[in-house]
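Please treat every number below as a calculation from the coordinates, not as lab data. The shown structure was predicted, so the numbers you read here are calculated from the model rather than taken from an experiment. For neighbour counting, all protein chains shown are included, and Cβ atoms are generated from backbone atoms with ideal geometry for every residue, glycine included.
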């Protein structure tokens, strides 16, 4: 199952998986409101996906992004694995310098909504 399959990364993941002959479930916003805890639980319980690939994002809402992630994560007993797509934005690149040590990347919290939501969900 791929959520966020209309976005750039989601579309490419779906295309690749379908080329590999995987049966890919891609619920659209009209089919599944990822912000509704009960609907997410019911949908996943009725489909039991092997893998959930989480590409869905609202770049303007930290709360929506966290709610989407945790609604999916709460259902993890009903699927095999969840892959959450990250972003360079989670590393708060405003202080970037060439050849930085990798320890920098876990010590700086992004100041923008999108980066912060990716930072939080990648550390869960």
(request) Evaluate the stretch 76-92: report whether one residue or more is surrounded by fewer than 16 Cβ atoms within 10 Å (Cβ to Cβ), over 17 Å from residue 119 (Cβ atoms), touching a helix residue (DSSP H, G or I) at 6+ places or on another chain (Cβ under 7 Å) and touching a residue at least 24 places away in the same chain (Cβ under 8 Å). (result) yes
(request) Look at the stretch 8-28 and say how many of its residues are under 24 Å from residue 42 (Cα atoms) and in a loop (DSSP other than H, G, I, E, B). (result) 7
(request) Among what's in the stretch 29-53 and is without any contact (Cβ under 8 Å) to a residue 24 or more places away in the chain and either assigned to a helix (DSSP H, G or I) or over 17 Å from the mean Cα position of the chain (by Cα) (or both), pick the residue that is surrounded by the fewest Cβ atoms within 10 Å (Cβ to Cβ). (result) 30
